[in-house]
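**Q** Pasting in a structure now, in structure tokens, and then I'll have a few things to ask.
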Amino acid sequence: MKSTSVQAGVSMMEVLVTMVILLVGLLGLAGMMMQSQRAEAESYQRTQALILLQDMVARINTNRKVASCYAVTDGASGEPYLGTGTAVTAPTCAEGTAAQQALAIQDMTEWSNLLQGAAEKSGTNAKVGAMIGARGCISYDATANRYFVSVAWQGMESTSAPAAGWTCATGQYGDEKLRRVVSVPLSIADLGS
């Protein structure tokens with residue numbers, strides 16, 4: 001009879017070891033699924049940022065005679081930026097017609113709304129179609145004769161801070177390792193009038 005109870009104890013130990021191994025495997029799978037969802041959210045935000053970036057580049061190209069009206073951000077400080085909910089002020093440029101300047105304000109207002117998520121709304125009519133804390137910057141570098149259009153947002157986890165020179169929305173997300181930025185240079189040719 002002793003061998004039966006020893007054998008039952010060994011079987012119980014085997015079951016417990018199997019359950020521990022299974023539990024560790026399931027925890028690893030759950031952790032991997034969470035990392036996958038985080039990476040998917042980061043990818044979605046980057047895709048949204050690139051779409052908004054190209055949207056503003058197209059708007060500036062369409063109204064290129066008053067491209068300087070769009071340059072509202074100081075390239076050195078990364079401020080001010082669009083996407084905060086504040087009204088877009090009249091451009092300080094003196095180029096083009098009043099209609100072209102008005103179109104620039106309209107473009108920047110619409111882009112600011114898109115940065116706040118106006119493209120997609122939830123069931124409660126809340127804006128949900130943009131990145132976390134999205135900010136848009138448009139600056140002009142006179143030395144390179146280029147405009148820079150940038151979109152910044154808050155990432156899901158710390159990685160590395162954006163490279164020097166990518167100043168859009170610096171200091172807006174706490175840790176700079178959470179700030180994500182995509183930027184594109186835009187050259188407007190001066191072909192004369």
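**Q** Using only Cα atoms, tell me the angle between helix 98-115 and the longest principal axis of the chain; keep it within 0 to 90° and round to the nearest 10.
**A** Once rounded, the angle reads 10 degrees.
**Q** Which FRET efficiency value, to the nearest 0.05, is calculated for Ala76 and Gln35 with the Förster distance at 30 angstrom and r the Cβ-Cβ distance?
**A** Once the sixth-power term is evaluated, E becomes 0.25.
**Q** Here's something else I'd like to know. For the stretch 154-193, what does the accessible surface come to per residue with a 1.4 Å probe? Please give it in Å².
**A** Working: 2320 Å² over 40 residues.
Averaged over the residues of the stretch 154-193, the accessible area is 58 Å².
**Q** Oh, and also: Using the Cα centre of the stretch 127-193 as the reference point, and only Cβ charges (+1 on K/R, -1 on D/E), how large is the resulting charge dipole? Debye, rounded to the nearest 20.
**A** On the way: 6 positive and 5 negative charges, 37 e Å.
That gives the stretch 127-193 a dipole magnitude of about 180 debye.
**Q** What is the gain in length, in nm to one decimal, between Ala164 and Cys93 on full extension, counting 0.36 nm per residue of separation less the C-alpha to C-alpha distance? Intermediate results must be reported in sequence, preceding the final value.
**A** Numbers: separation 71, 0.36 × 71 = 25.56 nm, distance 2.81 nm.
Fully extending the segment from Ala164 to Cys93 adds 22.8 nm.
**Q** Let me ask something else. Between Val57 and Lys177, 0.36 nm times their residue separation minus their Cα-Cα distance comes to what?
**A** Net length gain for the segment: 40.6 nm.
**Q** With every protein chain in place, what's the accessible area of Asp55 (1.4 Å probe, Å², nearest 10)?
**A** Answer for Asp55: close to 50 Å² accessible.
**Q** To the nearest 20 Debye, how big is the dipole of the chain about its Cα centre, given +1 on the beta carbon of each Lys and Arg and -1 on that of each Asp and Glu?
**A** Result for the chain is approximately 300 debye, rounded to the nearest 20.
**Q** I'd like to know which of Ile105, Leu50, Ala71 lies farthest towards the positive end of the charge dipole of the stretch 1-107, counting +1 on Cβ of Lys and Arg and -1 on Cβ of Asp and Glu.
**A** Sorting the options by dipole projection puts first Leu50.
**Q** Follow-up question, since we're still on this one. For the stretch 1-93, run through the GluC sites (Glu not before Pro) and keep only the ones in DSSP coil with at most 13 other Cβ atoms within 10 Å of their Cβ. Mind dumping the intermediate values first?
**A** Values: sites: Glu14, Glu40, Glu42; in loops: none.
For GluC sites (Glu not before Pro) across the stretch 1-93 that sit outside H, G, I, E and B with at most 13 neighbouring Cβ atoms in 10 Å, the list is empty.
**Q** Now, a different point. Heavy-atom accessible area of Leu27 with all protein chains present, probe 1.4 Å, nearest 10 Å²?
**A** Near enough 110 Å² of accessible area.
**Q** Turning to a different aspect of this structure: Calculated from DSSP H runs of 4 or more alone, at -39500 (n - 2.57) each and per residue, what is the 222 nm mean residue ellipticity of the chain, nearest 500?
**A** When only DSSP H runs of four or more count, the value is -15000 deg cm²/dmol.
**Q** Now, a different point. Averaging sequence separations of C-alpha pairs under 8 Å and six or more residues apart, then dividing by the length of the chain, give the relative contact order as a whole percent.
**A** 20 percent
**Q** Here is a follow-up. With each label point set 7 Å from Cα along the Cα-Cβ vector, what nm distance links Leu26 and Thr86?
**A** 5.2 nm
The values are calculated or read from the model by the stated rules, or taken from the named source; none is laboratory data. Nothing here was measured: the structure is a model prediction, and the numbers come from that model. Cβ coordinates were reconstructed from backbone atoms using ideal geometry, including for glycine residues, and neighbour counts include every protein chain displayed. For the accessible areas, the whole protein counts, side chains as well, though only heavy atoms, and no ligand, DNA or RNA atoms are used. Shrake-Rupley method; radii C 1.70, N 1.55, O 1.52, S 1.80 Å.
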